[in-house]
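The values are calculated or read from the model by the stated rules, or taken from the named source; none is laboratory data. All values derive from a computational prediction rather than experimental measurement. Because the Cβ atoms are built from the backbone with ideal geometry, glycine has one as well, and the counts that use them run over all protein chains shown. Just the protein is used for accessible areas: all its heavy atoms, side chains included, with ligands, DNA and RNA removed. Shrake-Rupley method; radii C 1.70, N 1.55, O 1.52, S 1.80 Å.
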Amino acid sequence: MNIKQSKKIIISLSKPAKMPGYAYGLPAWECKTGAKLVKVPGSVCAGCYALKGNYARYPEIKKAQYKRLASISRPDWVKAMAVVINSKAVAQHGYFRWHDAGDIQSPEHLQKIFEVCKLTPSVKHWMPTREAQFLKDIDPAQVPSNLIIRMSSHMIDQGPVKFWPHTSTVGSSSRTCPAPDQGGKCGSCRSCWSKDIPNIEYGKH
């Protein structure tokens, strides 16, 4: 399978200006937990950035996200994702983010992501998630060594969850993420991808 064929299968990647590399996004409208939390005042998902702005303004963005969602069920999706991530244009950055919009859809989807990570060993992967139901029956030791999954707390100012070793939280008046001091960019920081850092606290948007 070549690059051209693989891109046709996975549809596309995203390239967030904030990030040091590429990312992969799905429609936030299809988040299992986030779609409920968006209606809860004080939740991290209330006012979700991926449900407004350019995500909602430009129909082609939403259309592409839904095409990506449909492509996950293809039997060749894992191989195609690996081919694209291993390509020079993507792999040269060394870092990849899963779901700059959207989230894990099922246990099967999560296992497919694990396989992609195993096939792309030179890239460090980071995946934030609110889908606790897909992590609670997983031994963290099962997660590929080049993937860090951060279980995100649901509410602003809520502490880290206890059942998962790597987490993220959102504070209304405190944060450890330096991006707001760096023009909204990661800069040289790679803490989100570091397993040496148990929790990342982001500031409230």
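Residue-wise test of (1) within 24 Å of Pro16 (Cα to Cα); (2) out of contact with any Cys (no Cβ under 9 Å at 6 or more places or on another chain).
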site	(1), (2)
Ile72	yes, yes
Lys79	yes, yes
Gln92	yes, yes
Ser106	no, yes
Lys112	yes, yes
Glu131	yes, no
Gln142	no, yes
Ser153	yes, yes
Thr167	yes, yes
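Regarding Gly187, is this residue in contact (Cβ under 8 Å) with a residue 12 or more places away in the chain and open to solvent by less than 60 Å² (accessible area, probe 1.4 Å)? No; evaluated as a whole, the condition is false for this residue. What do you reckon, is Ala23 under 29 Å from Leu119 (Cα atoms) and part of a strand (DSSP E or B)? Spelling it out, Ala23 is indeed under 29 Å from Leu119 (Cα atoms) and part of a strand (DSSP E or B).
If you go through the range 77-105, how many residues are open to solvent by less than 40 Å² (accessible area, probe 1.4 Å) and part of a loop (DSSP other than H, G, I, E, B)? Looking only at that region, the number is 9. Annotation for the range 26-46: no member residue is in contact (Cβ under 8 Å) with a residue 24 or more places away in the chain, open to solvent by less than 20 Å² (accessible area, probe 1.4 Å) and farther than 28 Å from Ser194 by Cα. Scan the range 112-129 for residues that are among the charged types (D, E, K, R), closer than 12 Å to Val143 by Cβ and not in a helix (DSSP H, G or I) and the total you get is 0.
Look at the range 137-162: where a residue is within 20 Å of Trp98 (Cβ to Cβ) and a partner is surrounded by 19 or more Cβ atoms within 10 Å (Cβ to Cβ) and at pLDDT below 95, sitting 6+ places away or on another chain with Cβ atoms under 7 Å, you get Ser152/Val44; His154/Val44.
The set of residues in the range 173-183 that are in a loop (DSSP other than H, G, I, E, B) and open to solvent by less than 40 Å² (accessible area, probe 1.4 Å) comprises Cys177, Pro178.
Number of residues in the range 59-76 that are open to solvent by 50 Å² or more (accessible area, probe 1.4 Å) and either outside any loop (DSSP other than H, G, I, E, B) or within 16 Å of Leu26 (Cβ to Cβ) (or both): the value is 10.
Would you confirm whether any residue within the range 71-78 is out of contact with any helix residue (DSSP H, G or I) (no Cβ under 7 Å at 6 or more places or on another chain) and either touching a residue at least 24 places away in the same chain (Cβ under 8 Å) or among the hydrophobic types (A, V, I, L, M, F, W, C) (or both)? No, there is no match, as no residue in the range 71-78 is out of contact with any helix residue (DSSP H, G or I) (no Cβ under 7 Å at 6 or more places or on another chain) and either touching a residue at least 24 places away in the same chain (Cβ under 8 Å) or among the hydrophobic types (A, V, I, L, M, F, W, C) (or both). Counting residues in the range 142-158 that are exposed (fewer than 13 other Cβ atoms within 10 Å of the Cβ) and out of contact with any Gly (no Cβ under 9 Å at 6 or more places or on another chain) gives one or more. For the residues Val44, Val38, Val78, the requirement of being among the aliphatic types (A, V, I, L, M) and at pLDDT 95 or above singles out Val78.
Which residues, taken from the range 130-141, are part of a helix (DSSP H, G or I) and surrounded by fewer than 20 Cβ atoms within 10 Å (Cβ to Cβ)? Ala132, Gln133, Pro140, Ala141 - these are the residues of the range 130-141 that are part of a helix (DSSP H, G or I) and surrounded by fewer than 20 Cβ atoms within 10 Å (Cβ to Cβ).
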